[in-house]
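*Asks:* One structure is given below, represented as C-alpha cells, and several questions about it will come after.
The values are calculated or read from the model by the stated rules, or taken from the named source; none is laboratory data. Model, not experiment: these values are computed from the prediction. With ideal geometry, Cβ positions are generated from the backbone for all residues, glycine too; neighbour counts draw on all protein chains shown. Keep in mind that these areas ignore ligands, DNA and RNA; they rest on the heavy atoms of the full protein, side chains included. Shrake-Rupley method; radii C 1.70, N 1.55, O 1.52, S 1.80 Å.
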Amino acid sequence: MQTLWQDLRYGIRMLKKDRGFTAVAILTLALAIAANAVVFSALNGLILRPLNVPHAESLFLIERGGDKELSHSYPDYLDLRDRNRSFDGLAAYNISQVGLDTGKNPSRAWAFQVTGNYFDVLGIQPYLGRVIHPSDEHGPNSAPYIVLTYAYWHSHFQDDRGVVGRVVQLDKHPFTIVGVTPPGFRGSVLIFSADFFVPIIQQQADGTNLLSDRGNRWIGSVMGHLKLGLTPAQAIADLNSIGSNLEKSYPKQDAQMTFSLAREGLPGDVFGRAIKAFLAGLMLLAALILLAACANLGNLFAARAADRSREVALRLALGAGRARILRQLFTEALLISLMGGTAGLWGSVTLLHWLSVWQPFPQYPINMPVNPDANVYGVALLLSVASGLLFGAVPVKQILRTDAYQIIKSGSSGAVGRRLTAREVLLGVQIAICAVLVTSSMVAVRGLARSLRSNFGFEPRDAMLVDTDLNMAGYTGDRVLAMQKRMLDAMQAIPEVTSVALVNVPPLEPACCVESNIFTDATTDLRPSNVAATAITFSISPEYLHTARTSLLAGRDLTWRDDQNAPHVALVNRLFANKIFGSATNALGRYYKLDNGTRIQVVGIVEDGKYTPNITEELRPAAFLPLLQSPNTETWMVVRSSGNPRQLAAALRTKVRDLDSGLPFFIQTWNEAMDGALFPSRMAALSLGVLGVMGAMLAATGIFGMAAYSVSKRLREFGIRMAVGAQRKDVLRAALARPFKLLAFGSAAGLLLGILASRVLAFIVYQATPRDPLVLGSVALAMALLGLLATWIPAERALSVEPMTLLREQ
C-alpha cells in the first residue's frame with residue numbers, strides 16, 4: 001500500500017507538471033467514454049433492460065402474417081385468448097387520442113384502450129383505488145371507468161387522493177375514475193407514455209360495433225405471458241393451428257392467419273429490428289471512437305515516454321526495476337482514464353437526463369427510457385479501466401528495450417528514423433477509423449438530403465394543419481359533415497387564406513394510413529387471396545388537390561356533387577392505375593371493387609407521392625375518396641395562405657374556438673407535421689455527424705501530436721539543412737512527409753473499410769452508399785483539410801528555424 005501510494009503521488013505530480021498533455025488526454029477520453037455511455041444507455045433502455053412489469057422475460061406480442069402485423073380484430077383476439085394452450089392469459093390494447101374534459105378547458109389526451117384482463121396479465125397493482133378487471137366487462141359500453149397513470153395524476157390532479165370516484169368527460173361521455181397506476185408504469189410500450197387507461201369495450205361510443213366485426217383489425221396489439229416450460233416455437237405452433245381453423249371458418253375475413261412472437265416493449269419485431277440495427281450500428285461506431293481515442297492516447301503516451309527516456313534511464317541506472325517503472329506508467333494511465341471516464345460519464349448523464357424528458361413531437365407523448373442505471377455506470381467504469389490499460393501498454397516494449405547506458409551517454413532519445421514506429425502504426429489506425437466515421441457521417445447527410453428531395457406528392461411549404469377529431473366534442477352522424485363545412489367556410493373567410501380543404505389524415509402523419517383491399521371489377525370472389533392490390537385510402541374534400549398542390553394528371557377533380565346520392569367515385573394515383581388497369585390512360589371511367597363489394601369509378605389520375613410515415617418506402621398505390629361518400633370524424637384542415645403561416649395560427653385558433661369552445665385541436669405547420677417522417681434521417685445525420693466530428697477531432701490531435709513531435713526531434717537536423725542551403729519547401733517536405741503519407745494511407749484504408757461496411761451503414765441510413773462519388777470526394781477533401789489544419793502549427797515551427805541560433809543552442 002505504501003508503494004502504491006508513492007506511485008499515485010508521483011503520478012499526480014507528473015500529470016500536474018505536464019498540464020497540457022493531461023488536459024488533452026482527459027478530454028480525449030472523456031469524449032469517447034461519453035459517446036459510448038450515451039449509446040449504451042439507449043441500447044440498455046430500449047433493448048437490454050426489461051419492461052417494468054413482473055416476469056417481463058416471458059411477455060410476448062403476437063404478430064400476424066408474413067409482414068408481422070400487430071393488428072387483430074376483436075373476434076380473432078377472443079378466439080386466440082380462449083382457445084390457446086400456451087399463454088397464461090392474452091390481453092389486448094389499443095392506443096387512441098381522446099378529448100378529456102375535467103370541468104375546465106377541454107384538452108386532448110392519450111389513452112390505452114385495454115381489455116379487462118390487461119392489468120391482471122401484466123401483474124400491475126394499483127397505487128390508489130383499483131384497476132380494471134374482467135368482472136367489469138358486461139358487453140359494449142358496460143364499463144365507463146378510467147385508471148389514471150401516476151404521472152398524469154400528479155401533473156393534472158396535483159396528487160389529489162380524493163380523485164377516485166370523480167366523473168370526467170371523455171369525448172363528451174361520462175367516465176368514473178377508479179384508480180391510479182403505480183409510479184413508473186405508463187403502459188406496456190417503452191417509447192410511449194399514455195395518460196390513462198380505459199376499457200376497450202367503451203370505444204363504441206360513436207355507435208359503431210367493431211366488437212363483432214371480424215374483418216376490421218382495429219386492435220393494436222395482443223400480448224401474454226408464455227406458460228412456464230413452453231418454448232416460443234411451441235406457442236407459435238399452437239397459435240398457427242388456431243389460425244388455420246379460423247381461415248377455414250371465415251375465409252372472407254381471415255387470411256394469412258399464421259403467427260410469430262416478438263418481445264413486448266417495442267411495437268413489434270419489424271420496428272424493434274430497425275431500432276436494434278440503428279443502435280447496434282451506433283454502438284459499433286462509438287466503439288471505433290473509443291478505439292481511436294485509445295490509439296491517440298497510446299501515441300501520446302509513447303511520445304511522452306520517449307521524452308522521458310533520460311528520466312527512465314537514470315531511474316534504471318539507480319537500481320529501479322523495469323516492472324516498477326512500468327507500474328508507474330500504468331498508474332498514470334489509469335489516473336487519466338479514471339478522470340476522463342468520470343468527466344465523460346458526468347457529461348453523458350447530463351445529456352441522458354435531457355434526452356429522457358425530450359419531446360421530439362409535441363402532440364405525441366413519446367418517452368425515451370434512457371436514464372442511466374447501474375449497468376451504464378458499470379460499463380463506463382469498465383471501459384475507462386480497459387482504455388487506461390490499453391493505451392498505457394503501448395510504451396511497454398519501448399521501456400523494456402531501453403538501454404540506460406546509451407541514453408545517458410548520448411543525452412538524447414535519438415532522432416526520428418525512417419523505420420515505421422509503433423506510434424506511426426497507431427496514428428495510421430486512428431486516421432483509418434476517422435475516415436470510416438467521416439464516411440458514415442457523409443453517407444447520413446446524403447441520406448437526409450435524398451429524403452428531403454423526395455417527391456412527396458404535395459407541397460408542405462406555406463401550409464398549416466389544424467388537427468381535431470369531432471368525436472371528441474360529441475359530433476355524430478349528419479352533425480359531423482355540417483360542422484366540417486362550417487369549419488371550411490370559417491377558415492376561408494380569413495383574409496390571408498388562399499385555399500382550405502379537409503382530409504381524414506394527411507400523408508406522412510404517424511397516424512396514417514387507412515389501407516383497403518382492391519379487387520378488379522371482374523372479380524366475383526372477394527376473398528383476401530384474390531386481392532389485386534392494397535391501396536392507401538384518403539377521404540378528402542373538394543379543393544384538396546389545389547390546397548395540397550397535388551397535380552391532377554388526367555380526368556376531373558372531386559366536387560361537392562359527389563355525395564352519398566351520387567355514384568361512388570375516386571381519384572387514384574398513377575401507380576394504382578398501372579397496377580389495376582395496366583396504364584393511366586386505361587383507368588379513367590373504369591371501375592374497381594372494395595372487399596365489401598362496393599364498385600368505385602375512377603374519375604381522375606393524380607401524381608404518385610409519399611403517404612406512410614416511412615418516407616424511405618417504395619411508392620404505394622393510393623386512392624382519394626370524396627369526403628361526403630366516406631365521412632370521418634377525424635378531421636385535418638389544410639390551410640394555405642399567402643403570408644407567414646405562423647402568423648396565421650392565432651387567427652385559426654380564434655376561429656375554431658368561436659365555432660366550438662369545447663373542441664380540442666392542435667395547430668402546426670405542415671413542415672412541422674413531417675418531423676416524424678423525417679426523424680429517422682435527421683437522427684442518423686445528427687448522430688453520425690457528431691461521431692464524425694469527434695473522430696475528426698481525435699485524428700487532428702493525433703496528426704498534430706505526431707507532426708509536432710517529429711519537428712521537435714529534428715529541429716537540429718532542419719537547422720543544418722537550412723545552413724547548407726536547403727530550400728524552405730525541402731525542409732517542409734522533410735518535416736511533414738511522413739505525417740502526410742500516414743494521412744494518405746490511413747484515409748485510403750478508412751475509405752475502403754467504409755465501402756466494405758456499406759451493409760453495416762445500411763442498418764443506420766436508408767440506401768447507404770459510400771460508393772457515391774460525392775461522398776468519396778467529400779471524405780477525401782475533409783481528410784485533406786484535416787491534415788492541413790493539424791500540421792499548420794508544426795509546419796510554421798519548422799519553417800521558422802533560425803539555423804545559427806539553433807546550432808549554438810545545440
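*Asks:* Using θ = phi - 60° and the Karplus curve 6.51 cos²θ - 1.76 cosθ + 1.60, what whole-Hz ³J(HN,Hα) does each residue of segment 387-393 get, with Gly and Pro shown as x?
*Replies:* Running phi through 6.51 cos²θ - 1.76 cosθ + 1.60 with θ = phi - 60° gives 5, x, 5, 5, 6, x, 7 Hz.
*Asks:* Taking only C-alpha pairs under 8 Å that are 6+ residues apart, what is the relative contact order of segment 501-609 in percent?
*Replies:* Reported relative contact order: 30 percent.
*Asks:* How compact and how long is segment 548-660, expressed as Rg and Dmax of its alpha-carbon atoms in Å?
*Replies:* Cα only, segment 548-660: 16.9, 49 Å (Rg, Dmax).
*Asks:* Just report the Cα centroid separation between segment 571-596 and segment 63-121, whole Å.
*Replies:* 35
*Asks:* Restricting attention to segment 520-592, which chymotrypsin sites (Phe, Trp or Tyr not before Pro) occupy a DSSP loop and are surrounded by at most 16 other Cβ atoms within 10 Å?
*Replies:* Passing sites in segment 520-592 are Trp560.
*Asks:* Please compute the length gained on full extension between Ile366 and Asp489, using 0.36 nm multiplied by the number of residues separating them and subtracting their Cα-Cα distance.
*Replies:* 40.8 nm
*Asks:* Using the Karplus curve 6.51 cos²θ - 1.76 cosθ + 1.60 with θ = phi - 60°, work out ³J(HN,Hα) for each residue of segment 323-328 in order, rounded to whole Hz, and write x for Gly and Pro.
*Replies:* 4, 5, 5, 5, 5, 5
*Asks:* Let's test the formula: R0 of 25 Å, r as the Cβ-Cβ distance of Glu69 and Thr350. What FRET efficiency results, to the nearest 0.05?
*Replies:* 0.05
*Asks:* When DSSP beta bridges are limited to those with both residues in segment 103-214, what percentage is antiparallel, rounded to the nearest 5?
*Replies:* 50
*Asks:* Which of the three applies to segment 119-210, rounded, prolate or oblate, going by the alpha-carbon gyration tensor with a ≥ b ≥ c and a/c under 1.5 meaning rounded?
*Replies:* prolate
*Asks:* Under a point spin-label approximation (7 Å from Cα along Cα-to-Cβ), what is the Thr176-Ser58 distance to one decimal in nm?
*Replies:* Between Thr176 and Ser58, the label points sit 3.5 nm apart.
*Asks:* Assign unit charges at the C-beta atoms only (+1 for Lys and Arg, -1 for Asp and Glu), then state the dipole size of segment 2-63 relative to its Cα centre in Debye, rounded to the nearest 20.
*Replies:* The dipole magnitude comes to about 600 debye.
*Asks:* Here's something else I'd like to know. What ranking of Asp160, Asp88 comes out by heavy-atom accessible area, probe 1.4 Å, highest first?
*Replies:* Most to least solvent-accessible, the answer reads Asp88, Asp160.
*Asks:* Pull out the extension gain between Leu8 and Ala449, defined as 0.36 nm times the separation in residues minus the alpha carbon to alpha carbon distance; nm, one decimal.
*Replies:* 153.6 nm
*Asks:* Here is a follow-up. Using DSSP to call loops (not H, G, I, E or B), can you name the trypsin sites (Lys or Arg not before Pro) in segment 427-479 whose Cβ has at most 12 other Cβ atoms within 10 angstrom?
*Replies:* When the trypsin sites (Lys or Arg not before Pro) of segment 427-479 are filtered for loop state and at most 12 Cβ neighbours within 10 Å, Arg453, Arg461 remain.
*Asks:* Here's a follow-up. Points 7 angstrom from Cα along the Cβ direction at Ser212 and Phe740: gap in nanometres?
*Replies:* For the pair Ser212/Phe740, the computed spacing is 8.4 nm.
*Asks:* Around Leu648, what is the net charge, scoring Lys/Arg as +1 and Asp/Glu as -1 over all other residues with Cβ under 14 Å from its Cβ?
*Replies:* With Lys, Arg at +1 and Asp, Glu at -1, the net is +2.
*Asks:* Divide the volume of the convex hull of the Cα atoms of segment 193-261 by its number of residues and quote the answer in cubic angstrom per residue.
*Replies:* 133
*Asks:* Can you work out the FRET efficiency for the pair Ser135 and Ala780, with r the C-beta to C-beta distance and R0 = 45 Å, to the nearest 0.05?
*Replies:* With R0 = 45 Å, the Cβ-Cβ based efficiency is 0.05.
*Asks:* Still on this model: What FRET efficiency, computed as 1/(1 + (r/R0)^6) with R0 = 22 Å and r the Cβ-Cβ distance, is obtained for Val357 and Leu48, rounded to the nearest 0.05?
*Replies:* After rounding to 0.05, the efficiency reads 0.55.
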